There are 2 protein chains.
Amino acid sequence: MEDVIYVVGHKNPDTDSICSAIALSGLLNSLGLKSKPARQGEPNSETKFVLEKFEVDLPELVTEASGKRVFLVDHSEISQTLDNIDKAEIFGIVDHHKIGDITTPNPVYFIALPYGCTSTIVALLYQYFGIEVPERIAGIMLCAILSDTVIFRSVTTTEKDREMAEKLAKIAGINDLESLGIQLFKEKSGITEKSTREIIVSDFKDFDFSGKKVGIGQVELVSLSLIEDRKDEILRELRKMKDEEGYTAIYFMLTDIMKEGTELLVVSDSNEVVEKAFGKKVQNSSIYLEGVMSRKKQVVPPLEKAYS
Amino acid sequence: MEDVIYVVGHKNPDTDSICSAIALSGLLNSLGLKSKPARQGEPNSETKFVLEKFEVDLPELVTEASGKRVFLVDHSEISQTLDNIDKAEIFGIVDHHKIGDITTPNPVYFIALPYGCTSTIVALLYQYFGIEVPERIAGIMLCAILSDTVIFRSVTTTEKDREMAEKLAKIAGINDLESLGIQLFKEKSGITEKSTREIIVSDFKDFDFSGKKVGIGQVELVSLSLIEDRKDEILRELRKMKDEEGYTAIYFMLTDIMKEGTELLVVSDSNEVVEKAFGKKVQNSSIYLEGVMSRKKQVVPPLEKAYS
């Protein structure tokens, strides 16, 4: 059995799985244990951004558990853990999900709490042991909390998540959590890298409503603020598409999955049909539709009816 | 689903399973939850003694989980828990054993730490939440720690167990942990209720060594101090047996399972054989045999040889 304790999150790691592993490994080392963080897969674009922003090294890739001492974070399910976990020594588990099917032959440290993020629990453990979180580690833990709780909008968010995020923000010297969070979700969605055309066509469908060619596209976002600064570009591009491709109208749904509503961008010679369909006035080429999430069930039927 | 949270230990409850349930239920109530302690079976003689000594009520008997909210203590195995646990809502688990096979459909509070006793962890939780343990509850938690750690002699004992036991002892106004612990194990062993004759005959065998009738009895104890004040009685009774039942000699093993040694009481006309067998002198009808635990393997063979 290797001496070092590998701290590792779940397969297909997200920001919390990688950042809570780094943070917990640091805590174990501060407590006199010998540990290093690991990851089970490639970091996503959000995680890369977070590690670069706070100048923290990417942990080494580890997928095999045989002969290793491991501390699992952010999961307690066999299907999500390292290969051959039964040939490893599980030193502990810190998680915020439902209790999974991992068992151990001996007593271990197992701390699962129903909070929004594993990094919240790791922050509590730093506090419990009276160890100050290093500045850069505080930064990445804060990002993990903002990401997992969808900037405190997810129903999984607890008071502890807010409390720890505020403490970590103070240490990391970050004042505006909202704008850091928005930045994270921009990175995650890949919107930053996509051209306006790519954003539009990634989920776009043509319809024939009573002989008229109508296009309806959709982009789903955790917050409309992610796309706020690109709305004018999108409208320009939609108008160009309408003219070049002979649409009667194009409707583009900016759906806020957290607020459960859609801002519908409207590009049409006349707003009469869409205003009839949804009973609301178009203002600045836009209608906000409270509670509307589904193109198929909530947008197509009223439009089709209004065109007929 | 019932509103109240039942806090309950494992089947065939020991002192820790009942006392940690009472203590954790009290903590949950202090934190504003609605909870009551329960037990899955009859208390043993030690637990009864503990609850009577500190004037704490025996929790209600609960064996069925259907439709209940439950907080499990001192176990995380399906085989040890309430019937129909899959029809209950598990609110949390606090344990000090290996991680068992109980899973949950939702995130819960699961705190398992590799300490000697669940009550140690519950004491840490009181401390974490800044809630003072009530005097009587401190008394029963202290007893649970003394019992589970065999008065700090078990290899499962940790620094945390000692630390919490000392804090609880201070609250409960108990100075002599050793004598309280000895009292507990006396209650547990049932020695207090048994007559001297019952103690002797409960595990007693006759042997024929080269035509001589030799009796060898054994009692296993977590500490020889449990029986210290009854040694003279036992010797008197052994002498009576020897005369009435025609033994050449009677040897009675007082085996200390924690120290891994045996005090051999000797009742014989001559000590020559037993002194030859073990290479030690008999003093006050007694020889201490370091490392001797087994009658069959470590006492019968040297005696048989010495008699031949």
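If you go through region A:120-138 one residue at a time, do you hit one that is over 27 Å from residue A:173 (Cα atoms), surrounded by fewer than 19 Cβ atoms within 10 Å (Cβ to Cβ) and touching a residue at least 24 places away in the same chain (Cβ under 8 Å)? Don't jump to the end; show me each part of the working.
Filtering region A:120-138 for residues over 27 Å from residue A:173 (Cα atoms) gives none.
Looking for residues that are over 27 Å from residue A:173 (Cα atoms), surrounded by fewer than 19 Cβ atoms within 10 Å (Cβ to Cβ) and touching a residue at least 24 places away in the same chain (Cβ under 8 Å), one finds none in region A:120-138, hence no.
Here's the yes/no breakdown for (1) within 14 Å of chain B (Cβ to nearest Cβ); (2) modelled with pLDDT under 95:
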| position | (1), (2) |
| --- | --- |
| A:124 | yes, no |
| A:138 | no, no |
| A:144 | no, no |
| A:155 | yes, yes |
| A:160 | yes, no |
| A:166 | no, no |
Selected residue [at pLDDT below 95 and in contact with a strand residue (DSSP E or B) (Cβ under 6 Å, 6 or more places away or on another chain)] from A:220, A:263, A:228 = A:220
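If you go through region A:52-63, how many residues are among the charged types (D, E, K, R) and surrounded by 13 or more Cβ atoms within 10 Å (Cβ to Cβ)?
Of all residues in region A:52-63, those among the charged types (D, E, K, R) come to A:52-53, A:55, A:57, A:60.
With the extra rule that they be surrounded by 13 or more Cβ atoms within 10 Å (Cβ to Cβ), the set shrinks to A:53.
Residues in region A:52-63 being among the charged types (D, E, K, R) and surrounded by 13 or more Cβ atoms within 10 Å (Cβ to Cβ): 1 in total.
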Mind listing whichever residues of region B:139-185 are part of a helix (DSSP H, G or I), of a type in the set (Val, Ile, Thr) and buried (at least 23 other Cβ atoms within 10 Å of the Cβ)?
-> B:140, B:145
Sort out for me the helices (runs of 4 or more DSSP H) sitting completely within region B:196-298 that have 1 or more residues that are at negative phi and of a type in the set (Phe, Trp, Tyr).
-> B:272-278
Inside region A:79-119, can you point out the residues that are of a type outside the set (Phe, Trp, Tyr), in contact (Cβ under 8 Å) with a residue 40 or more places away in the chain and touching a Lys or Arg at 6+ places or on another chain (Cβ under 7 Å)?
-> A:80, A:89
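For region A:247-266, state whether one or more residues are small (Gly, Ala, Ser) and crowded, with 19+ Cβ neighbours inside 10 Å.
Within region A:247-266, the subset small (Gly, Ala, Ser) is A:249, A:261.
Remaining after also requiring crowded, with 19+ Cβ neighbours inside 10 Å: A:249.
The answer is yes, given that some residue of region A:247-266 is small (Gly, Ala, Ser) and crowded, with 19+ Cβ neighbours inside 10 Å.
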Filter region A:53-103 down to residues that are charged (D, E, K, R) and within 22 Å of the chain's Cα centre (by Cα) and give me whichever is farthest from residue B:115 (Cα to Cα).
-> A:53
Residue B:32 being closer than 30 Å to residue B:226 by Cα, out of contact with any strand residue (DSSP E or B) (no Cβ under 9 Å at 6 or more places or on another chain), within 14 Å of chain A (Cβ to nearest Cβ) and in a loop (DSSP other than H, G, I, E, B) | no
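Can you tell me which residue among A:281, A:276, A:205, A:296 is in contact (Cβ under 8 Å) with a residue 60 or more places away in the chain and surrounded by fewer than 20 Cβ atoms within 10 Å (Cβ to Cβ)?
Values: A:281 fails: in contact (Cβ under 8 Å) with a residue 60 or more places away in the chain; A:276 fails: in contact (Cβ under 8 Å) with a residue 60 or more places away in the chain; A:296 fails: in contact (Cβ under 8 Å) with a residue 60 or more places away in the chain.
The conditions single out A:205.
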Restricting attention to region B:59-117, the residues that are in contact with a strand residue (DSSP E or B) (Cβ under 8 Å, 6 or more places away or on another chain), among the basic types (Lys, Arg) and either at the interface with another protein chain (Cβ under 8 Å from one of its Cβ atoms) or outside any strand (DSSP E or B) (or both) number exactly 2
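The values are calculated or read from the model by the stated rules, or taken from the named source; none is laboratory data. What you see is a predicted model, and the numbers here were worked out from it, not measured in a lab. Quick reminder, even Gly has a Cβ in these numbers, built from the backbone with ideal geometry, and neighbours come from all protein chains shown.
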